[in-house]
Amino acid sequence: MHASVNDHRSTLNLIVVEDSELDYELLLALLMREGLRPRATRVEDEAGMREAFAAGPIDAVITDHNLPRFDSFASLKVAKSVDADIPVIVLSGEMSEELAVATLHAGADDFVLKTRMFRIAAALQNSLRAAESRREAHASASALAESEARLHALTQHLEHAKEEERRAIAQEIHDDIGGALTALKFEVVRLSRELEARDGERSGRIDAIQELLESAVIASHRIQHALRPAVLDAGLVAALEWLTRGFAERSGLAVEFQSNRDEFEVEPDRAAALYRVAHEALTNVRKHARGAKRVQLQLFTQPDEVSLEVSDDGPGFDTGSLEVTAGFGVRGMMERARGLGGWAEVSSSPGRGTTVMFSIPPAFAQADSRPDTPATGGG
């Protein structure tokens, strides 16, 4: 623990790199005259400095610039290797602006001429305050980085849990609601045949019921697909091929899909995210890229990254408008990428088409970054 610069009653633990006993005694006298209570260890070389550092906490280093076996630059190197924030003051008998600038660039907090040693107490106090500010800034930065890491891990966990919840709900709709609707369709068909056999004509009400049931089945399939496309069970590449083929048939556009690998390992929630981004990007082409004739979708996989690129030759737009009025789709894509430890961007310009890039790791960056809280299932 370092002594507070505002408490003159605190003992300051100093290392003084000095070969002159007389200059050392003068230094201590000047510090005590200003109300400081230095407890100093005088050393003359690197070995002495490291031994002094090992003996206990040090608040500051005051070093002569030029010693027979050592100099201030070597002292600075040793001090900063032990504590990057420790204040170091350089004393010198020569007046050289170049030397002063060089020592400050090397990490010294101040440069004091021996002919102006009366400045040493003020220089030490200022340096201690600066060091305290540096440590506080580093502590704040460290706390912020830790908080961001926790938030990132939590976001990844929530994305994973959300996808698992979607999968579970889709499975329940398929097993329970889908099964019940299918059974009900069979029963209505059987009832229709019985009524037709008895009365000799079909009932309009039965036909209406069958139409309603068919609409419910279609809605059930649509909801299941929105929650988790069943086609993903065949693999991400196969799912994207199916998606682009269907889009080409519906839109009439020339759509090309390429992947550098047919099969690779990717976590289900990340495969679903890539599929959803591809689906949304193709939907946007149909909505906004009036006049587009070609669409290209590329999937590029590496051990630590899966990248999706969707580009069209439509009219394009000024991406600066996104900074003012970014749609929820663009914001959602950006947040989804960040939540999964990746990045996303939209590049375009008038007359040059639009490209959507989405890149994420295929799995959690760190196995131990996942929070302990279990994901809630739908069953």
Lone qualifier among Val112, Val88, Val82, Val78 - being touching a Leu at 6+ places or on another chain (Cβ under 7 Å) and either among the basic types (Lys, Arg) or modelled with pLDDT of 90 or more (or both): Val88
Test for Glu98: is it in a helix (DSSP H, G or I) and either over 36 Å from the mean Cα position of the chain (by Cα) or free of Cβ contacts under 8 Å to residues at least 40 places away in the same chain (or both): yes
So Ser359 passes all but one of these: (1) over 29 Å from Ala161 (Cα atoms); (2) of a type outside the set (A, V, I, L, M); (3) open to solvent by less than 30 Å² (accessible area, probe 1.4 Å); (4) part of a strand (DSSP E or B). Which condition number does it fail? (1)
Regarding segment 73-93, can at least one residue be identified that is part of a strand (DSSP E or B) and open to solvent by 50 Å² or more (accessible area, probe 1.4 Å)? no
Give segment 331-352 a look and list any residue that's more than 17 Å from Gly320 (Cα to Cα), free of Cβ contacts under 8 Å to residues at least 40 places away in the same chain and among the charged types (D, E, K, R), or say none. Glu335
Can you give me the ranges of the helices (runs of 4 or more DSSP H) entirely in segment 177-274 with at least 3 residues that are at pLDDT 80 or above, open to solvent by 40 Å² or more (accessible area, probe 1.4 Å) and closer than 21 Å to Asp312 by Cα? 236-251
Of all residues in segment 15-29, which are farther than 15 Å from Glu44 by Cβ and in contact (Cβ under 8 Å) with a residue 12 or more places away in the chain? Leu26, Leu28
Among the residues of segment 128-146, are any in contact with a strand residue (DSSP E or B) (Cβ under 8 Å, 6 or more places away or on another chain) and either in a helix (DSSP H, G or I) or not hydroxyl-bearing (Ser, Thr, Tyr) (or both)? yes
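The values are calculated or read from the model by the stated rules, or taken from the named source; none is laboratory data. What you are looking at is a predicted structure, and each value in this text was computed from that prediction instead of being measured. Positions of Cβ are backbone-derived with ideal geometry, glycine not excepted, and every protein chain shown enters the neighbour counts. The accessibility values were calculated without ligands, DNA or RNA, using every heavy atom of the protein model including side chains. Shrake-Rupley method; radii C 1.70, N 1.55, O 1.52, S 1.80 Å.
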